[in-house]
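Structure record follows, encoded as structure tokens.
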Amino acid sequence: MIKYKLQCKNLHHFESWFRTSDDYEKLNREKMLSCEICGSKSISKSLMSPSVSSKEKKRIKKPLETTPTKAQKLIKELRKEVEKNCEYVGDNFEKEARAIYFGDSPERSIYGKTTVKEAKSLYEDGIPVTPLPWDDRKTN
Ligand SMILES: [Zn+2]
């Protein structure tokens, strides 16, 4: 007995036993074989035998991931939230953060651009600053 992996024209895969390979050829020629799934009589021996498929799989490289990662999605959501709920003060971030902290400006959430130096100086004055995980910084 020989077990063949078979494939119909609709790419269904199934296995069938034959007494000999000639038996398979004869049955298939006479359209005595049909797909177990769709009943198609266009049957051929599947090329998906394990040894071939593992080689095939290695050759076919997965295309580069184009969907955003979970982290990227979270950052995007965070950014949306920040932009919705906070006031954008642009380059005045350091001045404005200080003004809010010392009560010279109305209390609110703001976001904007700082240099590393400005952020450090805010931090040293005890003003809570959170770096946002996207590139929106002053370049100087
Ligand atoms: Zn089928």
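Key figures for this structure:
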quantity	calculated
Placed amide H near SER105: partners under 5 Å, 5+ positions off or other chain	ILE100
Per-q log10 I(q)/I(0), segment 70-124, q = 0.14 Å⁻¹ (Debye; single scatterer per alpha-carbon; no solvent)	-0.43
Ranking of PHE93, PHE102, PHE18 by count of other Cβ atoms within 10 Å, fewest first	PHE102, PHE18, PHE93
Neighbour cut-off at most 15 other Cβ (10 Å), DSSP loop, GluC sites (Glu not before Pro), segment 93-129	GLU107
Reachable aspartates and glutamates, given that their alpha-carbon falls under 20 Å from the alpha-carbon of LYS45 and they are not under 8 places away in the same chain	GLU15, ASP22, ASP23, GLU25, GLU30, GLU36, GLU56
Charge sum, other residues only, whose C-beta stays under 15 Å from TYR4's C-beta, Lys/Arg counted +1 and Asp/Glu -1	+1
Long-range amide H partners of GLU87 with built H, under 5 Å	SER109, ILE110, TYR111
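Quick note: the coordinates plus some simple rules give every number you see, no bench work behind them. This structure is a prediction, so every number in the text was calculated from the model and none was measured. Positions of Cβ are generated from backbone atoms using ideal geometry, with glycine treated the same way; all protein chains shown enter the neighbour counts.
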